[in-house]
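A.B. asks: Sharing a structure here in structure tokens format.
The values are calculated or read from the model by the stated rules, or taken from the named source; none is laboratory data. Since we're looking at a predicted model, the values are computed, not measured. Here the Cβ positions follow ideal geometry from the backbone for every residue, glycine too, while neighbour counts run over all protein chains shown. In case anyone asks, the SASA skips ligands and DNA or RNA and just uses the protein heavy atoms, side chains included. Shrake-Rupley method; radii C 1.70, N 1.55, O 1.52, S 1.80 Å.
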Amino acid sequence: MKAILIDKDDDAYRAEVSDVDEGDLPEGDVTVRVAYSTLNYKDSLAITGASPVVRKFPMVPGIDLAGTVESSDHPGCKPGDTVVLNGWGVGEVHWGGLAQKARLKGDWLIPLPAAFTPRQAMAIGTAGYTAMLCVLALEDHGVTPDQGEVLVTGAAGGVGSVAVAVLAKLGYTVIASTGRAAEEDYLKGLGAAGIIDRAELSEKGRPLGKERWAGAVDAVGSHTLANACATTKYGGTVAACGLAQGFDLPATVMPFILRGVTLAGVDSVYCPRPRRLRAWERLAADLDPAVIERMMHEITLAEAIPAAADQLAGKVRGRVVVDVNR
Ligand code: NDP
């Protein structure tokens, strides 16, 4: 089988498409024939070695996969089932989806929602499922479309694109923050009502600013997240999931203690199964498959390696699907 294999010796860090013996697959109770995987920000960190995402070598990256069960000793999966995997440390400590086969724990797998093909499920991937977890966080904290504008940061990226599309479909007035003015038509096509230059949010700001947002989905962190909190309206919620600008949070407590703003943390990797299933059900209901096509492009396994550097450089729009059999 072919796989991207990451290895490290002394100071050299390598990622290349390799022939891997299936007997070398890690332990697990389900073997999956992978149809598609994808390139998330974390996969790009793993492939390039830009951050210590990979904690065991050699490693097959790929935190997501969609495919068909080939063999199973797990009561919940049988051969022929189509399944999706997101996270659980796969692609970090357990061989992942950027390969023609994967051996996994059946407990990690969820059935492919009937609304999606494996390719569409990977166009959503962890980025899209995380965007939906952020939307659920806003809903759970009572943010409703009638309360006014909601902010999405890192909007032209994967999490951002899905968040914009889902929130717009749900009737929210979405303001998309992007550093790429050229993506205005793309973002409006996904449903954004307006665009702001990310530079308005990315510099050090004041502890409190003019109240603007009913809620926010932040994929960026650092000053951007601090400024999103400082400009969220009384009682609003900011869902924080990312660190594309930085993992620091140079903020004050003022938005929380004077405006009752909620900062809701969102993790996709170890998110409990019932909430994952809910997120995927909601994606099936609230993300238009035609919109998925507009936000994705497809590449081969070998192309995923150079694409990783492009993603970290902020050059990739929307979602990247990887056909692991090409
Ligand atoms: P992408 O690379 O697709 O998108 C990131 C976007 O962030 C870019 O497209 C860009 O948007 C913006 N951005 C990049 N660099 C900067 C910068 N220096 N300052 C401000 N904005 C910047 O990544 P994903 O959408 O897949 O992931 C986004 C973030 O969410 C990542 O940090 C990722 O690690 C995190 N994440 C977290 C998860 C979790 O479980 N908590 C799960 C999935 C992702 P634009 O060009 O529009 O400005």
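A.B. asks: Hey, can you tell me all the residues within the stretch 1-45 that are polar (S, T, N, Q) and in a strand (DSSP E or B)?
C.D. replies: Answer for the stretch 1-45, where residues must be polar (S, T, N, Q) and in a strand (DSSP E or B): 18, 31, 37, 38.
Residue-by-condition table, conditions (1) of a type in the set (A, V, I, L, M, F, W, C); (2) open to solvent by 70 Å² or more (accessible area, probe 1.4 Å); (3) away from the ligand (no atom under 12 Å from the Cβ):
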residue: 242; (1), (2), (3): no, no, no
residue: 272; (1), (2), (3): no, yes, yes
residue: 299; (1), (2), (3): yes, no, yes
residue: 313; (1), (2), (3): yes, no, no
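A.B. asks: Of the residues in the stretch 274-297, how many are in a helix (DSSP H, G or I) and open to solvent by 30 Å² or more (accessible area, probe 1.4 Å)?
C.D. replies: 12
A.B. asks: So which residues in the stretch 64-81 are under 25 Å from residue 320 (Cα atoms) and either touching a His at 6+ places or on another chain (Cβ under 9 Å) or open to solvent by 10 Å² or more (accessible area, probe 1.4 Å) (or both), if there are any at all?
C.D. replies: 68, 81
A.B. asks: Residues of the stretch 177-216 being under 14 Å from residue 148 (Cα atoms) and within 13 Å of the ligand (Cβ to nearest atom), which ones?
C.D. replies: Once the filter is applied, which keeps residues that are under 14 Å from residue 148 (Cα atoms) and within 13 Å of the ligand (Cβ to nearest atom), the stretch 177-216 yields only 192.
A.B. asks: Can you name every residue in the stretch 221-273 that is in a helix (DSSP H, G or I) and closer than 20 Å to residue 51 by Cα?
C.D. replies: The one that is in a helix (DSSP H, G or I) and closer than 20 Å to residue 51 by Cα: 222.
A.B. asks: If you don't mind, another one. How about the stretch 46-81: which of its residues are charged (D, E, K, R), in contact (Cβ under 8 Å) with a residue 40 or more places away in the chain and assigned to a loop (DSSP other than H, G, I, E, B)?
C.D. replies: Scanning the stretch 46-81 gives a single hit, 73.
A.B. asks: Wholly within the stretch 82-200, which strands (runs of 3 or more DSSP E) include no fewer than the required count, namely at least 3 residues that are buried (at least 18 other Cβ atoms within 10 Å of the Cβ)?
C.D. replies: The strands (runs of 3 or more DSSP E) meeting that bar are 82-86, 101-104, 149-152, 173-178.
A.B. asks: Let me spell it out: the conditions are (1) part of a helix (DSSP H, G or I); (2) open to solvent by 40 Å² or more (accessible area, probe 1.4 Å), and residue 308 meets all of them except one. Which number is the exception?
C.D. replies: Only one criterion in (1) part of a helix (DSSP H, G or I); (2) open to solvent by 40 Å² or more (accessible area, probe 1.4 Å) is unmet by residue 308, namely (2).
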